[in-house]
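The values are calculated or read from the model by the stated rules, or taken from the named source; none is laboratory data. What you are looking at is a predicted structure, and each value in this text was computed from that prediction instead of being measured. For neighbour counting, all protein chains shown are included, and Cβ atoms are generated from backbone atoms with ideal geometry for every residue, glycine included. To get the accessible areas, we keep the full protein, side chains included, count just its heavy atoms, and leave off ligands, DNA and RNA. Shrake-Rupley method; radii C 1.70, N 1.55, O 1.52, S 1.80 Å.
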Amino acid sequence: MIFKLIILSAIIYGIYILFFRDGNLIEKMSEKNKKSSNDEPVDTVVECKKCGVFISIKEAVIKDGKYYCSNECAGIK
Ligand SMILES: [Zn+2]
(Lines give C-alpha, C1' and ligand atoms only; values in the text may rest on other atoms or scores of the structure.)
Protein backbone atom coordinates (compact mmCIF):
# COMPACT_ATOMS: atom_id res chain seq x y z
CA MET A 1 0.00 0.00 0.00
CA ILE A 2 2.79 2.40 0.93
CA PHE A 3 4.65 1.53 -2.24
CA LYS A 4 1.54 2.42 -4.27
CA LEU A 5 1.36 5.78 -2.54
CA ILE A 6 5.04 6.46 -3.19
CA ILE A 7 4.70 5.51 -6.85
CA LEU A 8 1.53 7.60 -7.19
CA SER A 9 3.15 10.68 -5.64
CA ALA A 10 6.23 10.16 -7.82
CA ILE A 11 4.02 10.05 -10.92
CA ILE A 12 2.15 13.20 -9.84
CA TYR A 13 5.46 14.94 -9.16
CA GLY A 14 6.78 13.79 -12.56
CA ILE A 15 3.72 15.13 -14.35
CA TYR A 16 4.01 18.42 -12.46
CA ILE A 17 7.70 18.77 -13.47
CA LEU A 18 6.86 17.79 -17.05
CA PHE A 19 4.15 20.43 -17.34
CA PHE A 20 6.29 23.06 -15.63
CA ARG A 21 9.19 22.42 -18.01
CA ASP A 22 6.92 22.17 -21.04
CA GLY A 23 5.30 25.47 -20.13
CA ASN A 24 8.70 27.16 -20.08
CA LEU A 25 9.70 25.41 -23.30
CA ILE A 26 6.55 26.50 -25.14
CA GLU A 27 7.04 30.06 -23.90
CA LYS A 28 10.62 30.09 -25.17
CA MET A 29 9.64 28.54 -28.50
CA SER A 30 6.83 31.03 -29.10
CA GLU A 31 9.25 33.85 -28.33
CA LYS A 32 11.69 32.44 -30.86
CA ASN A 33 8.94 32.04 -33.46
CA LYS A 34 7.77 35.61 -32.93
CA LYS A 35 11.31 36.94 -33.33
CA SER A 36 12.10 34.86 -36.42
CA SER A 37 8.78 35.65 -38.11
CA ASN A 38 9.35 39.36 -37.52
CA ASP A 39 12.91 39.31 -38.84
CA GLU A 40 12.38 37.09 -41.90
CA PRO A 41 10.42 38.34 -44.89
CA VAL A 42 7.55 36.25 -46.26
CA ASP A 43 8.90 33.30 -48.22
CA THR A 44 7.91 33.07 -51.86
CA VAL A 45 7.11 29.58 -53.09
CA VAL A 46 7.93 28.70 -56.68
CA GLU A 47 7.18 25.64 -58.80
CA CYS A 48 9.93 23.52 -60.33
CA LYS A 49 9.63 23.74 -64.10
CA LYS A 50 10.59 20.12 -64.56
CA CYS A 51 8.96 18.03 -61.82
CA GLY A 52 6.36 20.50 -60.49
CA VAL A 53 7.55 20.39 -56.89
CA PHE A 54 6.89 23.54 -54.89
CA ILE A 55 10.01 24.91 -53.19
CA SER A 56 11.03 28.03 -51.32
CA ILE A 57 12.55 30.66 -53.63
CA LYS A 58 15.61 30.64 -51.36
CA GLU A 59 16.23 26.97 -52.11
CA ALA A 60 15.29 27.20 -55.78
CA VAL A 61 17.86 26.83 -58.56
CA ILE A 62 17.40 29.56 -61.16
CA LYS A 63 18.40 28.77 -64.72
CA ASP A 64 17.40 30.80 -67.80
CA GLY A 65 14.94 32.73 -65.62
CA LYS A 66 13.12 29.54 -64.62
CA TYR A 67 12.98 27.93 -61.22
CA TYR A 68 14.02 24.37 -60.50
CA CYS A 69 13.96 22.38 -57.26
CA SER A 70 17.48 21.03 -57.68
CA ASN A 71 20.54 21.12 -59.92
CA GLU A 72 19.39 17.80 -61.35
CA CYS A 73 16.09 19.27 -62.53
CA ALA A 74 17.90 22.36 -63.88
CA GLY A 75 20.27 20.12 -65.79
CA ILE A 76 23.31 21.46 -63.93
CA LYS A 77 25.95 18.90 -63.03
ZN1 LIG B 1 12.34 19.45 -59.86
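Restricting region 36-67 to residues that are of a type in the set (A, V, I, L, M, F, W, C) and more than 9 Å from the ligand (Cβ to nearest atom), the residue that is modelled with the lowest pLDDT is Val42.
Per the conditions (1) at pLDDT 90 or above; (2) part of a loop (DSSP other than H, G, I, E, B); (3) open to solvent by 100 Å² or more (accessible area, probe 1.4 Å), the sole criterion not satisfied by Tyr13 is (2).
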